[in-house]
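Working notes, structure below.
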Amino acid sequence: MKIIDYISAIMRKIALLFAMVFMATALNAVTPKVLGNRHAMVGVDVVGKYLMLPVQESVDNASVRVLVAGELRQSFNVRLAVDKIDYFVPLDISRFGSDKLLLDISFRGNKLTPDAIRQFVCWSEMPQGNGFETANKERLRPVYHHTPPYGWMNDPNGMFYKDGLYHLYYQWNPYGSQWENMTWGHSVSRDLIHWDALPAAIEPDALGTIYSGSCVVDRINSSGFGEGTVIAFYTSAGQNQTQSMAYSADDGRTFTKYVANPVITGDIPDFRDPKAFWNGEAGMWNLILAAGQEMRIYSSYDLKQWKYESSFGEGYGCHESVWECPDLFALNVRGTGARKWMLVCNTGGAPGGGSGTQYFIGDFDGHKFTTNQKDALWMDYGKDHYATVTFDNAPDGRRIALAWMSNWQYAGVVPTKQFRSANSVPRDLDIFENDGTYYCGVVPSRELLTLRGNKVKHPTETCEIVVDLKGTASIVLSNQKGEKVIMEYDSRSRKFLMDRNLSGNTSFHKDFPARTIAPVRGDMKQLRIFIDRCSIEVFDSEGKMAMTNLVFPSEPYGTLTIKGGKATVYSIAQ
Ligand code: FRU
């Protein structure tokens, strides 16, 4: 071939490629009608299941209303891309049962003009499709921890066990990886480790977005909705926070909102996170919720009418910030026949700074919680353990907890993209006594043992390290880039610390670099350290100390240097 033919062939190919790209872009583009400085409308001919919305995390939220023949069918907020697309989120447009939709979009910001809105990059890339890729592609996305399929997640919600399945709902934003549009996402698992994502279970309505709450299995049909009905209690976050209920006849897959919602109202702004439970000792249902900086306790016989019983909080524990996400349950005191009640209170002002889980151990008669424990005790002394609550109806009398592995100080800016935040590994709780004081015992749930693979020489990005201690010890995880996490146990002062100042990427927020310190209630003989790409959870095997911290290394920590103990590393494969 002559050189000239060769060049023209290449030119033709390039032209064809351009045409294809242009056609694809044209097909993916939408044409907005811009109606003013902050308002646009987009007509959509529905050809696929999803409309992919381009998101730019750094811009303001736009409010989108989905209209069918002038009727409002859904509204939500999304950071529609202005000059750069970070990722896409899917809007299910098949659910409206119409081949035409109108998106009525309001933008925020003072400097907007119709011309500026016309230039937004979001209009050029709004394709439709029938699937949405949720495979785990991010380098630092955990492998054996629960994460949402995509988008933002905070608190675990509504956890219950029924007929062999653990159900986990969570505070979810289906339209971006930052907090917004609170919806109950839903996952199920047979072993607390392998989770399958199901469709969202409870979505915002005219009473508000769906904040945290709980589920109970109504075995005795107190509610009249049927034996074994799953009943959810959640906060409707609207003009004020109120408590609503919803019931499910298909084991928590779909819910019907109760016609007489809300079922509990208050008179203060922070009034949320209802946790309901059957109180066998008192023969009635109880519910505890967070109200400002106290917990309010209610009782009921039919799950619909709730009677205020008492409040707990003033003069007890840490009051640096609003109290959130309570839980209340009875536990055995290790090695004795005694039972005590534990009141869980998630709040800011934790020892590591920011979010944490404090607890109180005392007594509860269905009406009032009493304790002589005045000071705060914390369930986990790391920085990334919040919104901890437990499963309803767990088998074998177990009390299984999950925590959201993040901290409100920096949760919105941790360096992940398609998803943001994971839940902790499941933990079994009990109570033990040390020097005359009761403490919460926290051990990794036994299901985690099934993950243990081969013994390996060096730590990997997903592994468990078991350290047999002889006393004071130092454990350092490091990589070729000079990044490291330092852990130390001082058996004399009974303190354990983890230092993540040099752990990798720490610069995304000033409160991320940290050194967390835990008091150890007794002597530790063995540590179990769980690493899952961006998290390190350390437990005393006997439950006397727990510490959970996120890390964002630029490559896995492949080296373990240990003094004062003997380590065995197990690979973990999903
Ligand atoms: C705790 C919390 C809850 C609230 C939810 C909102 O992290 O602030 O009190 O219900 O998150 O997403």
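The values are calculated or read from the model by the stated rules, or taken from the named source; none is laboratory data. Computed from a prediction, not measured in an experiment: that's the story for all the values here. When we count neighbours, we look across all protein chains shown, and the Cβ atoms used for this are built from the backbone with ideal geometry, even at glycine. Only protein heavy atoms, including side chains, enter the accessible area calculation; ligands, DNA and RNA are left aside. Shrake-Rupley method; radii C 1.70, N 1.55, O 1.52, S 1.80 Å.
Being outside the structural domain of L67 (by TED's automatic domain parsing), more than 23 Å from T462 (Cα to Cα) and surrounded by 15 or more Cβ atoms within 10 Å (Cβ to Cβ) holds for only one residue in G164, G158, G151, and it is G158. Of everything listed in (1) more than 15 Å from S300 (Cβ to Cβ); (2) within 13 Å of the ligand (Cβ to nearest atom), the single unmet condition for S244 is (1). For region 97-107, which residues satisfy the criterion of being in contact with an Asp or Glu (Cβ under 8 Å, 6 or more places away or on another chain) and not in a loop (DSSP other than H, G, I, E, B)? Answer for region 97-107, where residues must be in contact with an Asp or Glu (Cβ under 8 Å, 6 or more places away or on another chain) and not in a loop (DSSP other than H, G, I, E, B): just K100. Exactly one residue among N157, N173 is in contact with a strand residue (DSSP E or B) (Cβ under 8 Å, 6 or more places away or on another chain), within 16 Å of the ligand (Cβ to nearest atom) and under 28 Å from I572 (Cβ atoms), and that residue is N157. Kindly provide the set of residues from region 320-368 that are of a type in the set (F, W, Y) and open to solvent by 10 Å² or more (accessible area, probe 1.4 Å), ordered by number. Passing the criteria: W341, F364.
For the condition outside any loop (DSSP other than H, G, I, E, B) and either closer than 30 Å to L560 by Cβ or in the same structural domain as M342 (by TED's automatic domain parsing) (or both), V389 qualifies.
Test Q418 against the criterion of being within 16 Å of the ligand (Cβ to nearest atom), within 25 Å of T506 (Cα to Cα) and open to solvent by 30 Å² or more (accessible area, probe 1.4 Å), and give yes or no. No; evaluated as a whole, the condition is false for this residue.
Counting the residues of region 280-303 that are buried (at least 18 other Cβ atoms within 10 Å of the Cβ) and under 18 Å from T229 (Cα atoms) gives 5.
Within the option set T235, T265, T229, T254, being more than 25 Å from K368 (Cβ to Cβ), touching a residue at least 24 places away in the same chain (Cβ under 8 Å) and assigned by TED's automatic domain parsing to the domain that holds L402 holds for one residue only, T254. One residue stands out among those in region 395-409 that are assigned to a loop (DSSP other than H, G, I, E, B) and surrounded by 18 or more Cβ atoms within 10 Å (Cβ to Cβ): the one that is farthest from the ligand (Cβ to nearest atom), which is R399.
Taking the criterion of being open to solvent by less than 100 Å² (accessible area, probe 1.4 Å) and at pLDDT below 60, the residues of region 11-58 that qualify are I14, A15, A19, V21, A24, T25, A26.
Could you please let me know if T183 is under 26 Å from V259 (Cα atoms), surrounded by fewer than 22 Cβ atoms within 10 Å (Cβ to Cβ), within 11 Å of the ligand (Cβ to nearest atom) and among the polar types (S, T, N, Q)? No, not satisfied.
For residues in region 37-46 being in a loop (DSSP other than H, G, I, E, B) and farther than 14 Å from S63 by Cβ, which is nearest to the chain's Cα centre (by Cα)? Looking at the filtered set, the residue picked out is V46. Being surrounded by 20 or more Cβ atoms within 10 Å (Cβ to Cβ), under 24 Å from L377 (Cβ atoms) and hydrophobic (A, V, I, L, M, F, W, C) holds for only one residue in V425, V467, and it is V425.
Taken as a whole, the condition of being within 16 Å of the ligand (Cβ to nearest atom) and among the acidic types (D, E) applies to D384. Among strands (runs of 3 or more DSSP E) entirely within region 108-216, having at least 3 residues that are at pLDDT 95 or above and under 14 Å from the mean Cα position of the chain (by Cα) singles out 151-162, 165-173, 183-189. Within 28 Å of the chain's Cα centre (by Cα) and part of a helix (DSSP H, G or I) - does that describe any residue in region 450-468? Yes, region 450-468 contains a residue that is within 28 Å of the chain's Cα centre (by Cα) and part of a helix (DSSP H, G or I).
Within the bounds of region 334-346, is there any residue that is within 16 Å of the ligand (Cβ to nearest atom) and among the charged types (D, E, K, R)? No: zero hits. Can you tell me how many residues within region 247-299 are more than 16 Å from the ligand (Cβ to nearest atom) and small (G, A, S)? Residues in region 247-299 being more than 16 Å from the ligand (Cβ to nearest atom) and small (G, A, S): 8 in total. So is F233 buried (at least 19 other Cβ atoms within 10 Å of the Cβ) and in a loop (DSSP other than H, G, I, E, B) or not? In short, no. Of all residues in region 206-230, those being away from the ligand (no atom under 11 Å from the Cβ) and open to solvent by 40 Å² or more (accessible area, probe 1.4 Å) number 8. When residues in region 500-520 are screened for being in contact (Cβ under 8 Å) with a residue 24 or more places away in the chain and open to solvent by 50 Å² or more (accessible area, probe 1.4 Å), 2 of them pass.
What do you reckon, is G317 more than 16 Å from the ligand (Cβ to nearest atom) and open to solvent by 20 Å² or more (accessible area, probe 1.4 Å)? For G317, the condition - more than 16 Å from the ligand (Cβ to nearest atom) and open to solvent by 20 Å² or more (accessible area, probe 1.4 Å) - is met.
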